Amino acid sequence: MKKMSWCLWLFVFLLSTTHVSAVTFRFVALGDLPYGSDETAGVKYRQLITQINALNPEFSIHVGDFKEGSARCSDEEFERQRKHFDLFKGALIYTPGDNDWTDCGRKSNGSYDPLERLEKLRVQFFKPDTSLGQAPLSVATQAKTMTQYSTYIENQRWQFASTLFTTVHIVGSDNRFAPNNADAEKEFLARDQANIAWIKEAFRVAASQKLQTLVFAFQADVIRGMSRSGALAEKTGFHASIEQTLLPLAKDFKGSVLIVHGDSHTFEFDQAFLLNSQVLKNVYRLEVPGAKTTGAVSVTVEEGSVKPFYVKEFIVP
């Protein structure tokens, strides 16, 4: 009888501690906004930020392209978008998009030097230890934690509850992969190596802390370049970082992985990632809306759940 009572007590104790340790929280993902003039798109974007603030998420992630592709990459535009980020009452984490620097050499963008604009981004939008927003989070940056990659202050990592979040500087326009342009190729190869190291470090940290949930955020829609088997051409800006690094590590990860991106402007939530023609059943993809759709996605994370991610799109009419 005593043995049965003790077993019953142990069962109740384990059940209760399991329940206590399961954490549910919410963050917001957005990107490819605002697209258009400040008098039209800017007004709706500020309304969206007001909606996000009313939701009171733990933090928000902007996955890049804070202006449309034809807009000038001027200092004034950068300042306007920095002020938008300052409107977020919570923490705001930003990772760059191709419109924000790689495409700035276009005549329509003002014929800027993309590398000069990237340096401007790093100075104006990133801090060594904290995010943006009115209530910033403490973050680890690759620039400080991996000193051989001291340039990459935009690659950031933070933990909330038992979920590890990592931003990776992977952008659209094929990640600026341009083998016929020596300067672009040099920049791409260096950033690609930094991204690969940062992705590997995220999985190492997750394993060392026995975390069960990982979230990666970057701008590029890497799905568009994949074959039906999930393969990416070797001569692409995503082959080494995504197909050879992130997806194999995600496949072997014992928990769940969410990849958040923008670039194609359409809200999608699925399990579209393949590796060697096999669906990665523990890997989820969230593509945020954007461009002419002024919207964002609320993401609820239920740690410990078999399917830990629940998403809901909301838009400004």
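Taken together, the values in this text are just the output of simple stated rules run on the coordinates, not laboratory data. Fair warning: this is a prediction, and the values are worked out from it, not measured in the lab. Neighbour counts run over all protein chains shown; Cβ positions are idealised from the backbone, glycine included.
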(request) Place a +1 charge on the Cβ of each Lys and Arg in the chain and a -1 charge on the Cβ of each Asp and Glu, then give the dipole magnitude about the Cα centre in debye, rounded to the nearest 20. (result) 1220 debye
(message) How big is the dipole moment of the stretch 124-272 about its Cα centre under a simple scheme where the beta carbon of each Lys and Arg is +1, that of each Asp and Glu is -1, and everything else is neutral? Debye, nearest 20, please.
(response) 460 debye
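Suppose the chain between F25 and Q124 were pulled fully straight at 0.36 nm per residue; how much longer would it get relative to their current alpha carbon spacing?
So the extension gain works out to 32.7 nm.
Between A135 and K251, what is 0.36 nm times their sequence separation minus the Cα-Cα distance? Round to one decimal in nm.
On the way: separation 116, 0.36 × 116 = 41.76 nm, distance 3.46 nm.
So the extension gain works out to 38.3 nm.
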(request) Of the options A41, S74, A250, report the single residue whose Cα projects farthest towards the positive end of the charge dipole of the chain (beta-carbon charges: Lys, Arg +1; Asp, Glu -1). (result) A250
(request) Compute the distance in nm between two label points, each set 7 Å from the Cα along the Cα-to-Cβ direction, one at T151 and one at E185. (result) 1.6 nm
(message) With angles folded into 0 to 90 degrees, how steeply does helix 75-85 sit against the dominant principal axis of the chain? Use alpha carbons for both and round to 10.
(response) 20 degrees
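Report the Stokes-Einstein translational diffusion coefficient (µm² s⁻¹, integer) for the chain, Rh taken as the Kirkwood radius over Cα pairs, at 10 °C with viscosity 1.306 mPa s. Can you show the working numbers first?
Values: Rh = 20.2 Å.
In µm²/s, the coefficient rounds to 79.
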(message) Need one word for the stretch 198-317: rounded, prolate or oblate. Basis is the Cα gyration tensor (sqrt eigenvalues a ≥ b ≥ c); a/c below 1.5 gives rounded, then a/b vs b/c decides.
(response) oblate
(message) Between helix 2-21 and the chain, what is the angle of the helix's C-alpha long axis to the longest principal axis, kept within 0 to 90° and rounded to the nearest 10?
(response) 10 degrees
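How much mean residue ellipticity at 222 nm does the chain get from its helices, if each DSSP H run of length 4 or more adds -39500 (n - 2.57) and you divide by all residues, to the nearest 500 deg cm²/dmol? All intermediate terms of the calculation are to be shown ahead of the outcome.
Values: 8 runs with 99 residues, N = 317.
About -10000 deg cm²/dmol.
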